[in-house]
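What follows is one structure encoded as structure tokens, with my remarks underneath.
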Amino acid sequence: MSKIPRNFKLLEELEKGEKGLGAESISYGLASSDDITMTYWNGTILGPPHSTHENRIYSLHIVCDDTYPEKPPLVRFISKINLPCVDTEGKVTNGFDILKNWKRSYTMETVLLELRKTMASPSNKKLKQPAEGTTY
């Protein structure tokens, strides 16, 4: 089975993100339309209902370097958040299951949806959160 080249995979993800074909609770797209290497992305997660994240919008930076999709993207929250898988600088750590057990078939959408699921998990949904609007 042949592997889809990095740029083709990223173009697929860009098209899906721009057309809003994925989940409505997240969004993602290039940080700059003239980034021909498709390295720097922005992501957004709508806080899950019935949690301390409800009615909040979380912004993230995503970096898909030359090793993507063989290795996971680097994901960092811009919006401050209190989650066990996010360090004091907003970086999603390698302890986050989907990054630790990365598969080439995963996408940025997969990562954002898993982060949202983590926010809604019983152990995290009641964690005290930083003031809304604060950033790293």
Could you work out the helix-only [θ] at 222 nm for the chain, with each DSSP H run of four or more residues adding -39,500 (n - 2.57) and the total divided by the number of residues, to the nearest 500 deg cm²/dmol?
-> -6500 deg cm²/dmol
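Taking the chain on its own, what percent of its Cα-Cα pair distances exceed 28 Å?
On the way: 1335 of 9180 pairs.
The answer is 15 percent, as a whole percent.
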Cross-link reach from residue 9 to lysines, straight Cα distance under 23 Å and at least 8 residues apart if same chain, gives 19, 71, 100, 103
Lys and Arg at +1, Asp and Glu at -1: neighbours of residue 98 with Cβ under 14 Å from its Cβ sum to +3
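Where in the range 36-69 are there chymotrypsin sites (Phe, Trp or Tyr not before Pro) that are in a DSSP coil and have at most 15 other Cβ atoms within 10 angstrom of their Cβ?
Values: sites: 40, 41, 58; in loops: none.
Qualifying residues, ordered by number: none.
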Once you put a point 7 Å from the Cα of residue 87 and another 7 Å from the Cα of residue 57, both along the Cβ direction, what distance in nm separates them?
-> 2.9
Crossing angle, helix 108-120 versus the chain [Cα axis fit, 0-90 degrees, rounded to tens] | 10
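Give the order of 75, 63 when sorted by the count of other beta carbons within 10 angstrom, beginning with the fewest.
Details: 75 24, 63 13.
Arranged by neighbour count, lowest to highest, 75, 63 become 63, 75.
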Contact order relative to length for the range 6-120, counting C-alpha pairs under 8 Å separated by 6 or more residues, stands in percent at 22
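Taking the beta-carbon count within 10 Å as an exposure proxy, list 24, 109 from fewest neighbours to most. Walk me through the numbers on the way to the answer.
Numbers: 24 7, 109 18.
Ordered by Cβ neighbours within 10 Å, fewest first: 24, 109.
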Taking Cα atoms, how many degrees apart are the long axis of helix 6-18 and the longest axis of the chain, rounded to 10 and kept between 0 and 90?
-> 50
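FYI, it's all coordinate maths here, none of it is from the lab. It should be emphasised that the depicted structure is a prediction, and the values quoted were computed from it without experimental measurement. Reconstructed Cβ throughout: ideal geometry from the backbone, glycine too, with neighbour counts over all protein chains shown.
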